[in-house]
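So the structure is just underneath, and the comments pick up after that.
Values in this text are rule-based calculations from the coordinates and carry no lab data. For clarity, every value in this text was computed on a predicted model and none was experimentally measured. Don't worry about glycine lacking a Cβ; one is built from the backbone with ideal geometry, like all the others, and counts go over all protein chains shown.
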Amino acid sequence: MLTRIKIDDRMDGFLGKPAGAGKRPAVIHLHERYGIVQHTTDLAEKFVEAGYVTIAPDLFSRFTGDRAALAAGNDRCDLDDEQVLGDIDAVVAYLRTVPEADTMRIAISGVCQTGRQPILMAAKRDYICAAAVLYGAVYDADWKSDPRRPEPIDKLIEQMKCPMVGVFGELDNLIPLNNIIRMIEVLARAKKSFDVRVYPDAPHGFLNDTMPGRFRPEPARAAWKQITSFLDAAFDGKFSKERALWSFESDSSVNYDFTKMKRWE
């Protein structure tokens with residue numbers, strides 16, 4: 001069960017706590033480009049069911065446009081790295097007031113548009129012990145400097161202070177397979193621990209069961225197990241700062257052609 005909350009008297013959000021006594025690891029779960037929608041809260045509930053105190057903040061709190069259009073994908077709210085850093089700092093401050101949250105064990109999950117943010121936070125803050133990226137972070141634009149996002153994604157990856165788990169689909173129409181390979185190369189050169197997988201016959205957003213055209217049940221189940229197993233390992237301290245553990249798995253066609261990818265609804 002998620003509860004509506006207000007963070008720093010300005011950000012809406014949702015908070016969920018697992019049943020049972022004792023402190024639990026915490027997951028900051030970020031929404032897609034649509035803002036907080038049903039899929040956001042569905043995944044937040046799944047994180048709670050996996051045993052984590054989960055908080056889903058609205059990073060679009062400064063957006064003054066049409067929320068219905070935003071939720072339908074007909075408008076966009078671009079995020080500023082410095083503002084995001086401050087917003088997530090406020091989220092962590094809120095978590096520190098939650099008795100059930102073990103704030104020495106915090107992971108952050110970003111989906112689609114917010115896939116960049118777990119890497120950003122892992123680069124710029126030391127309170128993140130795992131970063132989870134769901135088909136985001138390595139769009140073509142992420143490799144370039146932008147006034148809102150001055151450091152390209154490769155520079156942020158090089159600065160990461162924690163391990164990263166990444167989930168991608170072979171049929172993604174927004175992220176070419178070459179971009180994922182490029183990310184792996186940066187992670188490996190920087191000696192970061194990671195588990196990145198590309199799932200076969202899976203489009204962008206394949207965990208989203210509110211969009212039947214995108215949803216792929218089998219890859220979604222496998223990806224969820226990958227994510228939670230990785231987070232459990234990170235929370236249990238199984239990643240040493242003295243060792244780099246690399247795992248990259250991809251199942252894709254030898255005739256892969258990004259130009260033939262399409263958007264699924």
Most mobile of PRO147, PRO176, PRO217 per a Gaussian network model of the chain (Cα springs, under 10 Å)? PRO147
Testing the spin-label approximation: label points 7 Å from Cα along Cα→Cβ at GLU218 and ASP80. State their distance in nm. 4.7
Show which lysines lie in cross-link reach of LYS161 when reach means a straight Cα distance below 27 angstrom and same-chain residues fewer than eight apart are skipped. LYS17, LYS23, LYS46, LYS124, LYS144, LYS191, LYS192, LYS225, LYS238, LYS241
Just for the range 113-265, what percent of DSSP beta bridges are antiparallel, to the closest 5? 0
Taking the chain as a Gaussian network, where each spring joins two C-alpha atoms under 10 Å apart, which residue of ALA69, ALA202, ALA223 fluctuates the most? ALA69
Is the chain best put as rounded, prolate or oblate by its Cα gyration tensor, with a ≥ b ≥ c the root eigenvalues, rounded for a/c under 1.5, and otherwise prolate when a/b is larger than b/c, oblate when not? rounded
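Nearest 5 percent is fine: what portion of the DSSP beta bridges confined to the chain is antiparallel?
Values: 11 of 40 bridges.
Antiparallel: roughly 30 percent of the beta bridges in the chain.
Helix check for the chain. Which DSSP H runs span at least 20 Å along their own axis by Cα, with a mean Kyte-Doolittle hydropathy no less than 0.0? Display every interim value, and only then the final one.
On the way: long enough: 81-95 (21 Å, 0.61); 217-235 (27 Å, -0.08).
Those that pass (Cα extent of 20 Å or more, hydropathy at least 0.0) are 81-95.
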Pick from ARG67, ARG33, ARG24 the residue whose mean-square fluctuation is largest in a GNM of the chain, springs joining Cα atoms under 10 Å. ARG67
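Just for the range 12-137, what percent of DSSP beta bridges are antiparallel, to the closest 5?
25
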Give the relative contact order (percent, whole number) for the chain; include only Cα pairs under 8 Å separated by 6+ residues. 15
For labels at TYR256 and ARG96 in the simple 7 Å Cα→Cβ model, what's the distance in nm? 4.3
